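The values are calculated or read from the model by the stated rules, or taken from the named source; none is laboratory data. Being a predicted model, the structure only gives us computed values, none of them experimental. Note: ideal-geometry Cβ built from the backbone for every residue, glycine included; neighbour counts use all protein chains shown. Ligands, DNA and RNA are stripped out before the accessible areas are found, and what is left, the full protein with its side chains, is counted by its heavy atoms. Shrake-Rupley method; radii C 1.70, N 1.55, O 1.52, S 1.80 Å.
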Amino acid sequence: MQMAVPLFFIFTMHAVFNSQLSLFLSRIGYTATQVGLLAAVIQLFGTVVPLLLVPVLQKVKNYGIPLFIYGVLYTVSSVPLLMQRNFWAAAAAVAVFAVGLRSTIPLSDTVIRNLLKDECGRYGQVRSVGTLSYVLMQIVLQLFCHAETADPLEMTLWAAVPGVLYCISLFLVPGLMTGRCGLPDPSIRTGQPQQHAAQTAERKKSWKDEYSGMPPLFWAGMAMVFFAYIAIASYSYYLSMYVVEALHLHAASLMWAVSAAAEMPFMFFSGVLVKKWGSERLLYIAVATISARLILYVLFPSFGGLIAGQLLHSLSYGLFHPVVIAFIIALVPPEKLVTGITVYSILAQGFGQLVGGMVGGAVIDSFGYGVLFLGSAVFPIMGILLFIFWKRRLDTAKTPEHAA
């Protein structure tokens with residue numbers, strides 16, 4: 001639990017981002033289409049830049065420094081993002097904002113995994129600290145933050161203060177900022193010093209080498225996750241606007257608090273569930289629940305429908321995220337764990353939400369929220385079918401080898 005305090009503040013940052021940023025941007029005067037374009041910028045830069053940094057992070061001897069830099073980027077960029085109205089200046093600011101915000105989770109996940117060593121089943125328990133902070137922050141936002149009437153300085157403070165607290169919290173983790181903790185343990189990678197020496201000798205790899213040699217089933221799983229996140233973008237970016245603009249409820253942060261509270265039990269006990277049922281079977285369930293959640297929004301456009309949909313967050317994220325991590329750990333060699341988690345966080349999640357976020361705003365302006373939610377519900381089902389087809393092809397390809 002050494003990373004509990006930084007993890008706590010990482011999720012306060014994400015709480016503000018998820019429930020309030022779209023409302024802040026709408027309050028400043030941007031249309032839904034412009035909010036969607038800014039969301040696309042967030043995903044593009046929050047995807048590409050951390051992805052290009054993976055080979056560098058594989059070699060660094062101190063994960064605390066990049067975690068601190070990410071916090072500074074997030075905090076400083078929130079000022080030009082929310083204190084002025086020019087769209088192009090906002091796009092430039094949000095690009096820096098995205099690199100800081102989106103890079104914290106994959107690297108902190110890696111640090112947590114390295115600290116847990118052979119107790120990776122406890123990941124969900126550690127991650128539940130972040131969920132708790134997210135719920136608490138959403139309650140604070142619901143009670144004290146009124147985005148519909150907030151001025152630019154107030155909006156900026158809500159965004160920036162969690163970033164400052166996160167940066168300070170990194171110094172509370174013993175050894176993190178000096179490189180004495182959070183790095184991979186060679187004894188976990190391999191029990192033989194000769195093999196470890198051979199791995200060390202191969203450190204000088206190209207960017208392409210970092211992503212080669214991953215199991216085919218890993219890529220099939222990431223394809224399914226990619227389609228899932230296209231759908232997730234429809235409510236992760238636009239649910240707050242839907243609550244305020246379509247249903248005329250002052251309950252955006254409350255909805256996010258309900259969903260985060262619902263995810264906590266599944267996040268906490270995910271290790272037990274994975275051991276009992278396996279990550280692949282649970283991944284089917286979690287991805288299918290994303291579609292069910294979106295259909296509920298369409299069938300019941302009311303406060304009750306919102307609550308029911310948010311409760312499904314227990315499976316569509318509380319189970320989904322740790323199961324994806326377990327899926328990656330089961331398939332990816334330990335020395336490529338940073339790469340595997342980054343492919344998930346940056347390629348599958350990042351590009352999935354890039355597509356969904358970019359298109360979503362235009363769909364809202366042209367056809368409304370109902371069409372957005374119903375159309376998005378198709379993508380998780382497509383991802384499941386693609387994974388099943390891909391897996392069967394891989395199993396068929398292996399059959400002649402076993403027969404021989």
Assess whether M83 counts as being surrounded by fewer than 18 Cβ atoms within 10 Å (Cβ to Cβ) and either on the phi < 0 side of the Ramachandran plot or under 19 Å from the mean Cα position of the chain (by Cα) (or both).
yes
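Going by the structure shown, is A15 in a helix (DSSP H, G or I), open to solvent by less than 30 Å² (accessible area, probe 1.4 Å) and over 22 Å from C167 (Cα atoms)? Steps first, please.
Values: in a helix (DSSP H, G or I): yes; open to solvent by less than 30 Å² (accessible area, probe 1.4 Å): yes; over 22 Å from C167 (Cα atoms): no.
So A15 fails the test.
Condition check ((1) modelled with pLDDT of 90 or more; (2) open to solvent by less than 40 Å² (accessible area, probe 1.4 Å); (3) farther than 16 Å from I42 by Cβ; (4) in contact with a strand residue (DSSP E or B) (Cβ under 8 Å, 6 or more places away or on another chain)) across all residues:
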site: V60; (1), (2), (3), (4): no, no, yes, no
site: Y63; (1), (2), (3), (4): no, yes, yes, no
site: F68; (1), (2), (3), (4): yes, no, yes, no
site: G71; (1), (2), (3), (4): yes, yes, yes, no
site: V79; (1), (2), (3), (4): yes, no, yes, no
site: A91; (1), (2), (3), (4): yes, yes, no, no
site: A98; (1), (2), (3), (4): yes, yes, no, no
site: L101; (1), (2), (3), (4): yes, yes, no, no
site: L107; (1), (2), (3), (4): no, yes, yes, no
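Looking at T75, T33, which is the one that is among the hydroxyl-bearing types (S, T, Y), part of a helix (DSSP H, G or I), within 30 Å of S366 (Cα to Cα) and open to solvent by 10 Å² or more (accessible area, probe 1.4 Å)?
Working: T75 fails: within 30 Å of S366 (Cα to Cα).
Result of the check over T75, T33: T33.
Kindly indicate which of L136, L67 is assigned to a helix (DSSP H, G or I), within 17 Å of P162 (Cβ to Cβ) and under 18 Å from the mean Cα position of the chain (by Cα). Before you say what the answer is, go through the steps one by one.
Details: L136 fails: under 18 Å from the mean Cα position of the chain (by Cα).
Going through L136, L67 in turn, just one is assigned to a helix (DSSP H, G or I), within 17 Å of P162 (Cβ to Cβ) and under 18 Å from the mean Cα position of the chain (by Cα): L67.
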So G221 fits all but one of (1) open to solvent by 20 Å² or more (accessible area, probe 1.4 Å); (2) modelled with pLDDT under 95; what number is the exception?
(1)
Please state which one of G340, G368, G383 is modelled with pLDDT of 85 or more, farther than 25 Å from V272 by Cβ and buried (at least 17 other Cβ atoms within 10 Å of the Cβ).
G383
Would you call S128 modelled with pLDDT of 85 or more and of a type in the set (G, A, S)?
no
